[in-house]
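Have a look at the structure below before the remarks.
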Amino acid sequence: MTCQHCCGADKVFDDKEALKQRKRYHKNGPRKTSRLLIEGIKAHLNDEKSVLDIGGGIGAVHHELLKSGLGSATQVDASLSYLEEARQESERNRFQDKTTYLHGDFMDLSEEIDIHDVVVLDKVICCYPYVTELLSKSISKSNSMIALVYPKSNWIGRIIIVSGNILFWIKKNPFRVFLHSNEHVRSRLITEGFDRLYYKVTYPWNIEVYKRNS
């Protein structure tokens, strides 16, 4: 992310939106896409103990995984508002000793982040223009699993992405979203030695869980 793009992200994912998401999470639990992703991760956990939640928002995914028995979680997020909500949620669940929160762009901070068993990219790929670089750094931080939610690269996905960017342009917000080839994402993971073990679709999102083959 460029500095301008990060500043735009902070405007989109601001205090108001973070509070809205937190209230919704407390009332209804994780969103459908996140819930399906969590189910996919939990179904294939063996000895995995740690999760890296990239762009994890209010932290719904890693908090649910911690409740299921994972030992530790790290979240890195460009939105300070979302990160603060995630931190407060951690305190509410008494997970302070199990969680670490880093503010900034994952691409800039990746060198200081340890390898984790599970890496989560829940609606994050569409926030980055350079998907190959994002995937490479994410893969390098995964000891076992990669879990993703990202938009389908078909006409429905294109309409949604274009519509979103028009709205950002009207609001004079430099933040943009991007549609990346689904085949490129999948082939990249397979080339790096991952097998897809879980796949669901809830339009316009792909929900996928990959695990390193032995």
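Numerical summary
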quantity	calculated
Out of Ile58, Ile54, Ile38, sole residue that is surrounded by 17 or more Cβ atoms within 10 Å (Cβ to Cβ), among the hydrophobic types (A, V, I, L, M, F, W, C) and out of contact with any strand residue (DSSP E or B) (no Cβ under 9 Å at 6 or more places or on another chain)	Ile58
Long-range neighbours under 7 Å by Cβ, at least six apart or interchain, first residue under 21 Å from His63 (Cβ atoms) and modelled with pLDDT of 90 or more within segment 1-23, second among the aromatic types (Phe, Trp, Tyr) and in a helix (DSSP H, G or I)	Ala18/Tyr82
Segment 157-185, residues that are touching a residue at least 24 places away in the same chain (Cβ under 8 Å) and among the β-branched types (Val, Ile, Thr)	Ile160, Ile161, Val177, Val185
Extreme residue, nearest to Val201 (Cα to Cα), among residues of segment 26-48 that are of a type in the set (S, T, N, Q) and in a helix (DSSP H, G or I)	Thr33
Hits in segment 145-174 (condition: closer than 16 Å to Lys123 by Cα and in contact with a Cys (Cβ under 8 Å, 6 or more places away or on another chain))	Tyr150, Pro151, Ile161
Qualifying position, being modelled with pLDDT of 95 or more and under 19 Å from His62 (Cβ atoms), among Tyr101, Tyr199	Tyr101
Options Phe175, Phe168; residue that is within 21 Å of Met107 (Cβ to Cβ), at pLDDT below 95 and part of a helix (DSSP H, G or I)	Phe168
Subset of segment 160-177 (residues that are of a type in the set (A, V, I, L, M), closer than 16 Å to Pro204 by Cα and surrounded by fewer than 15 Cβ atoms within 10 Å (Cβ to Cβ))	Val162
Residue count, segment 88-106 (criterion: surrounded by fewer than 19 Cβ atoms within 10 Å (Cβ to Cβ) and touching a Gly at 6+ places or on another chain (Cβ under 8 Å))	1
Residue satisfying condition, being over 16 Å from Pro129 (Cα atoms) and within 18 Å of the chain's Cα centre (by Cα), within set Thr202, Thr191	Thr202
Hey, Val149 under 16 Å from the mean Cα position of the chain (by Cα), closer than 17 Å to Val131 by Cβ, part of a helix (DSSP H, G or I) and in contact (Cβ under 8 Å) with a residue 40 or more places away in the chain or not	no
Filter result for Glu183 (within 26 Å of Lys23 (Cβ to Cβ) and assigned to a helix (DSSP H, G or I))	no
Candidate set: segment 186-214, residues that are in a helix (DSSP H, G or I) and free of Cβ contacts under 8 Å to residues at least 40 places away in the same chain; chosen: the one surrounded by the most Cβ atoms within 10 Å (Cβ to Cβ)	Arg186
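The values are calculated or read from the model by the stated rules, or taken from the named source; none is laboratory data. What you see is a predicted model; the values in this text were computed from it and never measured. Glycine also receives a Cβ, built like all others from the backbone with ideal geometry; neighbour counts cover every protein chain displayed.
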